[in-house]
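> Following this message is one structure expressed as structure tokens.
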Amino acid sequence: MYTSTRSAPTGKPWTVPMLREAKQDGRRLVMLTCYDAGFARAIDQAGIDLVLVGDSLGMVVQGRDSTLPVTVDDIAYHTACVARGLSRALLVADMPFQADASPERGIDAATRFLQAGAGMVKIEGAGHKCEVIRHLVEREIPVCGHLGLTPQSVLRLGGYRVQGRDEAAADKLRADAVAVAEAGAELLVLECVPTPVAAAISADLDIPTIGIGAGPQCDGQVLVLHDALGLDSGHRRPKFVKDFLVEGGSVVGAMQAYADAVRDGSFPDAEHSYA
Ligand code: KIV
């Protein structure tokens, strides 16, 4: 059985203002995706800080080829399931494809997610999405941004590829990150971004960045639950994925091993990052 090298942080449930405090104190944030109450209980037991009901559920739970078919009803249902199992971690619900196409649609979907138990909603992209983010934040809905590889853009991007590789693309990503933070986001997921670009964005912003394939210098990390537990999702396994069940020995042990590795800075290493 895996024994965590640090005691899992106990105490107060996570709140939105605690995110910036963690960044100021240099405490790395640990996030996992989750889709049901049973795993949510395990996540709390393991001392994970943040839980995302991601639209990745379309691929890992529903067995689809992309996240595009996931609906507001799907996210609301899984958010309610996860909320029943959580008592400490901050619950973030993902805006599914086009649910944030306008501020009005965004507020309707986000209200359902908060009423289902979420404490924050995640929105992919910048540009016109900044207007949606501002609209939600002004109406008391905390927002997490998501830049870099945004899986809802898969048709335009032509696949799931690392973003921000050349100078112009890296500059655009940095400008988008500032715009998302200025619109009021309190957290920012960076997916599949070269390590130096993610490091620069993390230094630019007061809000914490959460990396997935974005190197070790983000303020926290997220993994899809199924990937962290070594489950074959039926899709190509990205470079940033690590199976923590091997060293953890049990579901909770794997989550603790992941949390310890993020907090002590050993995950992600170069093998699980893009140069
Ligand atoms: O949907 C999801 O699980 C996500 C994470 C990969 C960040 O967006």
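No value in this document is a laboratory result; all are computed from the given coordinates. Keep in mind that this is a model prediction, so the values were computed, not measured. Cβ coordinates were reconstructed from backbone atoms using ideal geometry, including for glycine residues, and neighbour counts include every protein chain displayed.
> With label points built 7 Å along Cα→Cβ from the Cα atoms of ALA22 and SER233, find their separation and express it in nm.
Once both label points are built, they end up 2.1 nm from each other.
> May I pose another question? Using the basic label-point model (7 angstrom from Cα toward the beta carbon), what is the GLN98 to VAL246 distance in nanometres?
Taking the simple label geometry, GLN98 and VAL246 are separated by 4.2 nm.
> Can you pull out the GluC sites (Glu not before Pro) in region 104-145 whose DSSP state is coil and whose Cβ has at most 13 other Cβ atoms within 10 Å?
The qualifying sites are GLU140.
> On to the next question. If I stretch the segment between SER266 and LEU155 completely, what's the gain in nm (0.36 nm per residue apart, minus their alpha carbon distance), one decimal?
36.6 nm
> Treat every Asp and Glu Cβ in region 17-272 as -1 and every Lys and Arg Cβ as +1, leave all other atoms uncharged, and give the resulting dipole magnitude about the Cα centre to the nearest 20 debye.
It works out to roughly 220 debye.
> Positive end of the charge dipole of the chain (Lys, Arg +1 and Asp, Glu -1 on Cβ, about the Cα centre): tell me which of LEU187, ILE48, GLY213 has its Cα farthest that way.
About the Cα centre, the residue reaching furthest to the positive side is ILE48.
> Turning to a different aspect of this structure: For region 84-105 and region 191-253, what is the separation of their Cα centres, given in Å?
Between the Cα centre of region 84-105 and that of region 191-253, the gap is 20 Å.
> With just the Cα atoms of region 17-272, tell me how far they stretch along each of the three principal axes, in Å, largest first.
Between the extreme Cα coordinates on each principal axis of region 17-272 lie 45, 40, 38 Å.
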